[in-house]
Amino acid sequence: MTAPATPDPLAPPANVATPDPPPATPLVPLAVYAAALDPETRAWAVDIINFEAIDTGPLDRRLAALGDREDSPFIDRFAPGDAGLPVGFAHGDPWTLVTLAGAEQRIAAGFGASVPGGSAALHFKVDLGPAQPGAKGWAIALRGHAATTAKLVAPKPLAPAALAPGALGRIVEALVPKLDEDLRPHVRKTTIAEKHVKLFPGRFPGGRSHVAFVHAMAKSDEDDFEVSGVLFTRTDGAVEFFAVADVLGAATFFALVDIDGDGLDEVLYEDQYHEGWYLQMIHWNGGKPESRTLMGDGV
């Protein structure tokens, strides 16, 4: 009599999918910063002004030791292993730059901290080395060597008339009630024309098809002032207000980028007024737009 065969070790059926690994920590928004290209040195430097989720205890103690610099700017540099660096930052740290040309892996070559004269804003800078030939403007900077093929994209803008009949009127109607109450009567006397609105197509959630930037001039009893804001248009013709430019300044589109590869575009734009400038990022939280300040300074 033949002995029964020893059964093979149990294995999962071939048609059963392996469970997905747990999702990684989201890149957006906490690990996203911006880098500027120095026009003289042609080197990239991350300029951090948003310290959410960064332990700045060592840096705060370093700044306190510098004394009262309220009336004058100061700049401080950090040697390798310096105890004044924020927790988790070190020379040789991996970073990723996302530019108009694509993603580049970089290494932190140096650190600096400054508070510009006339400003109370702390700037912490990370040197990322020389730029590639032809690079210009700004880049997105991510902590770590991110596995991404993302790049900044600047689609050609459309005028409202190219989108749908009545789009301009709906955009103006959505923006004006969000302006300063004292300025609304003057804005209503101003003609906001097709040339004052630029629409940029993107991959946005919730039926949103374009991000709209408005920039026009209006006249009050005392002076001229800028009328500017950011909105989204939807495929059903509806318009969704997002933000008014800061301190009667101008909001200007810069680029789109899918930082985390989720198929949705983040929006980068400049928010500039007579005494300040900021680079802002619109990202998505549960299908709703939220803003993060990436870079800039103001009085």
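The values are calculated or read from the model by the stated rules, or taken from the named source; none is laboratory data. This is a predicted model, so every value here is computed, not measured. Here the Cβ positions follow ideal geometry from the backbone for every residue, glycine too, while neighbour counts run over all protein chains shown. Side chains included, ligands, DNA and RNA excluded: accessible areas come from the protein's heavy atoms. Shrake-Rupley method; radii C 1.70, N 1.55, O 1.52, S 1.80 Å.
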Of the numbered conditions (1) at pLDDT 95 or above; (2) surrounded by 13 or more Cβ atoms within 10 Å (Cβ to Cβ); (3) under 30 Å from Phe200 (Cα atoms), Ile107 fails exactly one; give the number of that condition. (3)
Any residue that is closer than 25 Å to Val28 by Cβ, part of a helix (DSSP H, G or I) and either at pLDDT 95 or above or touching a strand residue (DSSP E or B) at 6+ places or on another chain (Cβ under 6 Å) (or both) - is there at least one of those in the range 244-254? yes
In this structure, does Gly287 turn out to be open to solvent by 20 Å² or more (accessible area, probe 1.4 Å), in contact with a Pro (Cβ under 8 Å, 6 or more places away or on another chain) and in contact (Cβ under 8 Å) with a residue 12 or more places away in the chain? yes
Is it true that some residue in the range 218-228 is touching a residue at least 60 places away in the same chain (Cβ under 8 Å) and open to solvent by less than 40 Å² (accessible area, probe 1.4 Å)? no
Criterion: buried (at least 16 other Cβ atoms within 10 Å of the Cβ), of a type in the set (Ser, Thr, Tyr) and over 18 Å from Leu158 (Cα atoms) - qualifying residue of Tyr269, Tyr278: Tyr278
Can you pull out every residue in the range 193-241 that is assigned to a loop (DSSP other than H, G, I, E, B) and on the phi < 0 side of the Ramachandran plot? Ala193, Gly202, Arg203, Phe204, Pro205, Ser220, Asp221, Glu222, Asp223, Thr235, Asp236, Ala238
Of the numbered conditions (1) open to solvent by 20 Å² or more (accessible area, probe 1.4 Å); (2) farther than 25 Å from Val176 by Cα; (3) in contact with a Leu (Cβ under 7 Å, 6 or more places away or on another chain), Ile259 fails exactly one; give the number of that condition. (1)
Tell me, please, whether a residue that is surrounded by fewer than 17 Cβ atoms within 10 Å (Cβ to Cβ), at pLDDT below 50 and more than 22 Å from Ala108 (Cβ to Cβ) can be found in the range 22-44. yes
Taking interchain pairs and intrachain pairs at least six residues apart, which have beta carbon atoms under 9 angstrom, with the first residue in the range 177-205 and among the small types (Gly, Ala, Ser) and the second in a helix (DSSP H, G or I)? Ala193/Leu168
Among the numbered criteria (1) open to solvent by less than 20 Å² (accessible area, probe 1.4 Å); (2) farther than 25 Å from Gly169 by Cβ, which one does Val214 miss? (2)
Name the residue, out of Ala238, Ala245, Ala193, that is open to solvent by less than 20 Å² (accessible area, probe 1.4 Å) and of a type outside the set (Phe, Trp, Tyr). Ala245
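So that you can scan it fast, the table gives a plain yes or no per residue for (1) touching a Pro at 6+ places or on another chain (Cβ under 6 Å); (2) small (Gly, Ala, Ser); (3) at pLDDT 95 or above:
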position	(1), (2), (3)
Ala141	no, yes, yes
His145	yes, no, no
Leu152	no, no, yes
Pro160	no, no, yes
Asp180	no, no, no
Leu183	no, no, no
Lys195	no, no, yes
